[in-house]
Amino acid sequence: MTLSNQLSDLRLFRQYAYVDGKWTHGTTGREEAVIDPATGETLGHIPVLEADQIRGAVDAADQAFAQWRALRADERCERLLAWYDLLQANREDLATIMTLEQGKPLPDARGEVEYGASFVRWFAEEGKRTFGDTIPSHIPNAALGTLKEPVGIAALITPWNFPLAMITRKAAAAMAAGCPVVVKPAHETPFSALALAELAERAGIPAGVFNVVLGDAPEVSKLLCDDERIKALSFTGSTRVGRLLLEQSANTVKRVSLELGGNAPFIVGPDMDPHEAALAAVAAKFQTAGQDCLAANRILVHESIHDAFVEHFAERMAAMTVGNGMQGEVDQGPLIHGQAVDKASAIVDDAVSRGATLVAGDQSQAPGPNFFMPTLLTGVTRDMQVWCEENFAPVAGITAYRDDDEAIAMANDTEYGLAAYVYTHDIRRIWKLLRALEYGMVSVNSVKMTGPPVPFGGVKQSGLGREGGVTGIDEYLETKYYCLGALGSVSGS
Ligand code: NAP
């Protein structure tokens with residue numbers, strides 16, 4: 001299935017980079033193929049930009065900065081709202097592009113377009129509320145206060161699992177603050193980013209404010225980190241690459257925000273109905289085929305309901321359909337590529353070799369080479385990869401615990417600290433877990449936890465900073481303190 005014959009608006013499918021308001025070829029003719037993970041077919045090609053072209057994108061952003069920051073906040077808001085409207089109007093095409101390049105089922109892709117667009121609307125409005133402070137003065141005859149100013153050009157490096165929302169959650173905040181952006185999307189899913197660029201142009205976002213560069217990731221990232229004109233770096237991706245970028249940004253002392261990996265615990269209390277809890281756990285585990293930083297990686301169930309929970313979990317899993325996300329009712333699409341399938345197999349083999357029980361997950365049923373059937377392991381222990389690594393696959397690991405203290409110790413036994421789920425109706429247990437869990441986000445009795453109004457982000461090795469909410473725009477703002485002295489008399493320092 002090719003991309004171009006699936007879209008109602010062909011101009012949303014661009015096989016170029018987007019720099020300074022122009023669609024750009026590579027200068028050497030080097031290209032990279034983009035593959036549909038469900039079929040293995042080539043969807044199209046993208047250019048590999050040279051170093052000069054990456055610097056050219058920063059030049060363009062630099063040139064655009066003065067004009068963009070000079071617009072009134074309500075004028076930037078209008079452009080961003082026009083972009084939001086276009087995202088909504090083109091939702092079906094954007095979802096189709098996403099499913100074809102990323103693999104997630106079409107309804108999930110539509111949901112991501114909606115989710116991604118919602119950040120544009122949120123930050124369009126938040127840009128009008130970047131208030132400074134008035135400070136009661138301790139200096140005689142002076143007026144003190146703060147102004148909020150755009151930090152400067154922001155480089156945004158994003159992953160393939162949410163190819164649209166991970167860009168808008170950053171770009172809309174930066175642009176609303178008055179910062180131009182240079183986006184480097186994942187090489188597996190560039191077409192969503194390029195469709196965003198096409199719609200930004202139609203929305204009247206000036207040339208140079210929203211740029212999309214493509215190329216060799218370590219080379220492009222190094223160039224962006226080394227460039228003094230880039231003042232903020234926002235990255236979503238693996239903890240491994242996040243650490244590298246943090247180190248590379250040190251020389252130019254950039255503002256760095258990192259949204260990194262997770263290893264979410266899903267704790268089920270003894271008071272829960274095992275059926276209700278199992279349905280929620282399946283939803284929290286298998287969204288985006290488990291390739292989700294919020295995926296419930298370690299499911300911790302009180303020993304009194306463990307067996308019943310496992311039974312219901314396996315039953316719900318068995319009802320899931322796995323297939324090409326473009327075709328009909330599919331619960332789970334392919335993994336992003338063959339290496340992801342190999343990694344999932346290795347995690348399962350490791351767990352079984354260390355004593356876990358494989359309850360479900362017959363890979364002979366997989367409908368293609370990039371598919372991995374939903375898999376359930378019980379008796380998972382802390383020496384297994386499935387416990388200590390972010391498995392990023394449709395592999396669920398369940399463990400029984402004795403009491404709340406043991407559940408807390410198990411849940412915190414990881415370098416990650418992004419999100420945790422708690423299922424219980426006991427208010428004392430809720431408070432105890434909420435306070436004790438070392439996570440940036442804790443969701444109680446709800447699988448859905450994200451959205452524009454909330455501060456999204458992790459602690460420990462899961463990242464730095466928060467996206468969304470009323471603080472998300474702060475990642476792109478400087479606080480300038482002013483002292484207006486000599487109001488009536490000349491004063492000293
Ligand atoms: P990744 O391998 O870290 O890649 C993310 C981005 O970094 C891509 O644009 C990639 O470019 C680039 N990159 C890769 N290697 C690089 C290097 N050596 N130097 C500089 N840049 C490099 O992560 P991924 O596999 O795409 O995404 C999965 C990870 O993202 C998971 O750990 C997941 O938990 C995390 N994630 C976190 C959140 C959150 O909000 N906390 C949300 C979504 C995903 P190329 O694609 O061109 O190689």
>> So, in the range 339-359, exactly how many residues are small (Gly, Ala, Ser) and free of Cβ contacts under 8 Å to residues at least 12 places away in the same chain?
In response: 1
>> Anything in the range 457-493 that is within 16 Å of the ligand (Cβ to nearest atom), assigned to a helix (DSSP H, G or I) and out of contact with any strand residue (DSSP E or B) (no Cβ under 6 Å at 6 or more places or on another chain)? List them, or say none.
In response: GLY472
>> Checking the condition closer than 17 Å to PRO452 by Cα and surrounded by 18 or more Cβ atoms within 10 Å (Cβ to Cβ), which residue from GLU126, GLU114 passes?
In response: GLU126
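Quick check on the range 198-208. Is at least one of its residues closer than 30 Å to TYR416 by Cβ and in contact with a Leu (Cβ under 9 Å, 6 or more places away or on another chain)? Talk me through it step by step, then tell me what you get.
If we filter the range 198-208 for residues that are closer than 30 Å to TYR416 by Cβ, which is where we start, we get none.
No: zero hits.
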>> Restricting to the range 292-321, and then to whatever is buried (at least 24 other Cβ atoms within 10 Å of the Cβ) and either in a loop (DSSP other than H, G, I, E, B) or free of Cβ contacts under 8 Å to residues at least 40 places away in the same chain (or both), can you tell me which residue is nearest to the chain's Cα centre (by Cα)?
In response: CYS293
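It is to be established whether one or more residues within the range 197-208 are part of a loop (DSSP other than H, G, I, E, B), touching a Gly at 6+ places or on another chain (Cβ under 7 Å) and more than 7 Å from the ligand (Cβ to nearest atom).
Here is the first cut: in the range 197-208, the residues part of a loop (DSSP other than H, G, I, E, B) are 203-208.
Cutting the leftovers down to touching a Gly at 6+ places or on another chain (Cβ under 7 Å) gives us 207-208.
Subsequent filtering for residues that are more than 7 Å from the ligand (Cβ to nearest atom) retains 207-208.
So far as the range 197-208 goes, yes, one or more of its residues are part of a loop (DSSP other than H, G, I, E, B), touching a Gly at 6+ places or on another chain (Cβ under 7 Å) and more than 7 Å from the ligand (Cβ to nearest atom).
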>> I'm told GLY328 meets every condition in (1) more than 16 Å from the ligand (Cβ to nearest atom); (2) at pLDDT 95 or above except one. Can you identify the failing condition by its number?
In response: (2)
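For the range 210-283, which fully contained strands (runs of 3 or more DSSP E) count at least 1 residues that are away from the ligand (no atom under 16 Å from the Cβ) and not aromatic (Phe, Trp, Tyr)? Walk me through how you get there before you give the answer.
On the way: elements: 210-212, 230-236, 255-259, 264-268.
Once the strands (runs of 3 or more DSSP E) in the range 210-283 are filtered for at least 1 residues that are away from the ligand (no atom under 16 Å from the Cβ) and not aromatic (Phe, Trp, Tyr), what remains is 230-236, 255-259, 264-268.
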>> Given the criterion under 27 Å from LEU335 (Cα atoms) and among the basic types (Lys, Arg), identify the matching residue among ARG382, ARG402.
In response: ARG382
> Restricting the search to the range 13-40, which residues are acidic (Asp, Glu) and on the phi < 0 side of the Ramachandran plot?
Replying inline: GLU31, GLU32, ASP36
> What helices (runs of 4 or more DSSP H), lying completely within the range 331-448, carry at least 1 residues that are surrounded by fewer than 20 Cβ atoms within 10 Å (Cβ to Cβ) and among the hydroxyl-bearing types (Ser, Thr, Tyr)?
Replying inline: 338-353
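Looking at ALA174, ALA197, ALA165, ALA232, which one is surrounded by 20 or more Cβ atoms within 10 Å (Cβ to Cβ) and out of contact with any strand residue (DSSP E or B) (no Cβ under 9 Å at 6 or more places or on another chain)? Outline the logic, then answer.
Details: ALA174 fails: out of contact with any strand residue (DSSP E or B) (no Cβ under 9 Å at 6 or more places or on another chain); ALA197 fails: out of contact with any strand residue (DSSP E or B) (no Cβ under 9 Å at 6 or more places or on another chain); ALA232 fails: out of contact with any strand residue (DSSP E or B) (no Cβ under 9 Å at 6 or more places or on another chain).
None of the other options fit; the residue is ALA165.
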>> With touching a strand residue (DSSP E or B) at 6+ places or on another chain (Cβ under 7 Å) and modelled with pLDDT of 95 or more as the only criterion, which of GLY215, GLY269 stands out?
In response: GLY269
> Quick one: VAL454 ticks every box in (1) free of Cβ contacts under 8 Å to residues at least 24 places away in the same chain; (2) assigned to a strand (DSSP E or B); (3) of a type in the set (Val, Ile, Thr) bar one, so which box is it?
Replying inline: (2)
>> Tell me yes or no: at least one residue of the range 112-134 is assigned to a loop (DSSP other than H, G, I, E, B), within 12 Å of the ligand (Cβ to nearest atom) and modelled with pLDDT of 95 or more.
In response: no
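Can you tell me which residue among ALA173, ALA155 is within 14 Å of the ligand (Cβ to nearest atom) and in a helix (DSSP H, G or I)? If you could, list the steps in order and put the result at the bottom.
Working: ALA155 fails: in a helix (DSSP H, G or I).
Of the residues listed, the single one that is within 14 Å of the ligand (Cβ to nearest atom) and in a helix (DSSP H, G or I) is ALA173.
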> Mind checking whether some residue in the range 142-149 is of a type in the set (Asp, Glu), surrounded by fewer than 23 Cβ atoms within 10 Å (Cβ to Cβ) and part of a helix (DSSP H, G or I)?
Replying inline: no
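The values are calculated or read from the model by the stated rules, or taken from the named source; none is laboratory data. For clarity, every value in this text was computed on a predicted model and none was experimentally measured. Methodologically, a virtual Cβ is constructed for each residue, glycine included, from the backbone with ideal geometry; neighbour enumeration extends over all protein chains shown.
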